[in-house]
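Take a look at the structure set out below.
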Amino acid sequence: MASNDPGLAPLNAPAEDPTKGAVDVPSDTETPVAPDQFDPRYETTKKEIYAYYAYYVGDNGLTLFNFGPTAFQNLMYQASGDSEVLHFAGRDRTINSIVLLCNGISFAIQIVVFLILGSFADFGTWRPNILIVLSIIAFGIGFGWLGVHTAEDWHIGIGLYIVGLVAYQTTVTFWTAAFPGLARNTRDLREKAEDFAQGRITRAEYDFADSMKRNELSNTAFYTQSIFEIAILAVIVGIMFGLRVNDSDENNNWGLSVLIAFATGVWILCAIPWFLWEKRRPGQDPGRSNIVLAGFKQLGYAVSQIWQLRQSLAYLAGYFFMADSLNTTTTVIGTLQNEIVAYNSLQLTYLLIVGIAAQAVGIGAFWQIQKRYGLSTKTMFMVVACAIVVLDGWGMIGIWTQAFGFHKSWEVWVYQAFYGLFVCPWYSYSQTMISEVTPRGREFLFFSLFSIVGKTSAFIGPLVSSAIIDDTGNNSSPFYFLFSLSLASCVFLYFFVDVDKSRIEQQQFLEKAESLTSRRSDVERSQEEER
């Protein structure tokens, strides 16, 4: 943010109506209160926005989220032979069960990482360093796959898989948490703030402009990533042919490791502009505490007071269960898909091209429809939630029949198209929804809290699904659980999350936090004077 004060700041301009559009502003207020201050030094530039988009082009998931898990699962498949059973964590387990268990372990680690880093990332100007360090770790894991490409290496693959998921998910979260600050420091929002201060627009109109600008940055970033990811995949196809991955299992194994390393190299090139051009906007002032202690104090305060943010809590609950369903659904379908195509790296690349192309069309269509008809973030989000329910229903049919429900080759092609068109916008709109219910100036903390919830859900879901598979011996059986979970979450989110009420609650939360900080400063100043 452009200001050390994350609360509400008056814009010193005359107004026709001092209270026009303001929320709970006393009648004697001389100027309306705008939610943001603007410092010319920190105004968002086009170069900075392009660099922000470029980072996401590199951090596209091909390395540690797509092909890394495929390489890991492929090595286990070869090590297990016809039994498809390996001894892991004290007992014999199926490959699918091990994958789900490792997912759970990875997400449990992420909870600890987010608690430590997210609590103080809203302070000071050094916070971009968090993303830089996490990215370097991810780069190391990506290149590390070059040394792991035989069946005997499957134990090492487990370590790369778990740490790789931690690195990927944390980089995405801390990159994403920057977009509200970028949007709110644009020239467009500064002009809207001036219009609000002068009484030309209402507070509701200002808030809508703020919401649409955040949607614009989030959706454009996702769309841009999708377009360039298709180009990256096209190059990967050429690499796969050059390595003759269809000639033998050894060539296929090596091909998977090479393409992970290649995509990592692309990520490095795309990340450098953001590392150089991101403006280090000041976060909150830690006061007399050091940043670490101030961060944990903020975490404690947020946890103790978050009950005031009832709409944030409602979204937190709905997000928990929907993220649980989606994360586990993609993992279960991914394992079924890998079996259907026999882990063939070239075939998987073709499938990804279809999925990413559909993703580009989907996110572009969602954003154009939202912009054309002035639809709210929640409306778009609920469309995606309904699509997730349909996906789980599709998988549930596969429990009863082999004719349909992620058992046939044609289904994985349809799945990629459907997932790209209707489900992938989740990764944009769920994040924009977080920004809708997050108090200004607390973005990194609250994005981390939501990520912790998302990772906790992804920790529970895979473990439950793994236990279901172990008990039933049917790889499709988790869809009973997943369909019920996604349907219940969809209904809850529709009826119990109100963004307008959330804005009022956020203002009250910030005012109380500012008052508490002021009282603490007075006490500390008084104690110092006495000494």
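Which parts of segment 406-442 would a label at residue 400 reach, counting a residue when its backbone N lies under 17 Å from a point 7 Å out along Cα-to-Cβ?
406-407
Would you mind computing, in nm to one decimal, how far apart the modelled labels at residue 474 and residue 200 are, each placed 7 Å from Cα along Cα→Cβ?
A separation of 6.3 nm, rounded to one decimal place.
How fast does segment 379-453 diffuse by Stokes-Einstein, in µm²/s, taking the Kirkwood radius from C-alpha pairs at 10 °C and 1.306 mPa s?
In µm²/s, the coefficient is 111.
Along segment 433-439, what does the Karplus equation 6.51 cos²θ - 1.76 cosθ + 1.60 (θ = phi - 60°) give for ³J(HN,Hα), rounded to whole Hz, x for Gly and Pro?
Karplus values, whole Hz, x for Gly and Pro: 5, 4, 5, 5, 10, 9, x.
Let's test the formula: R0 of 22 Å, r as the Cβ-Cβ distance of residue 156 and residue 248. What FRET efficiency results, to the nearest 0.05?
Once the sixth-power term is evaluated, E becomes 0.55.
Give, in nm to one decimal, the length gained when the segment between residue 511 and residue 413 is fully stretched (0.36 nm per residue of separation minus the Cα-Cα distance).
The span from residue 511 to residue 413 would gain 30.1 nm if fully extended.
Under a 5 Å amide H to amide H cut-off, with H placed in plane at 1.01 Å, what residues pair with residue 88 once short-range neighbours are removed?
93
Using the structure shown, list the pairs from 47/512; 46/297; 46/192; 371/512; 213/408; 192/501 with a Cα-Cα distance above 30 Å, or answer none.
47/512; 46/297; 371/512; 213/408
At a threshold of 8 angstrom on Cα-Cα distance, excluding pairs fewer than six apart, so keeping six or more, what relative contact order does segment 101-240 reach in percent?
22
Using a 1.4 Å probe on the protein heavy atoms, what percent of the accessible area of segment 123-180 belongs to carbon and sulfur?
Summing carbon and sulfur atoms, their accessible area is 74 percent of the total for segment 123-180.
What FRET efficiency comes out for residue 390 versus residue 308 if R0 is 30 angstrom and r is the Cβ-Cβ distance? Round to the nearest 0.05.
0.25
The values are calculated or read from the model by the stated rules, or taken from the named source; none is laboratory data. Predicted model, so just to flag it, every value in this text is computed and none were measured. Cβ sites come from the backbone with ideal geometry, for glycine too, and all protein chains shown count toward neighbours. With ligands, DNA and RNA removed, areas are computed over all heavy atoms of the protein, side chains included. Shrake-Rupley method; radii C 1.70, N 1.55, O 1.52, S 1.80 Å.
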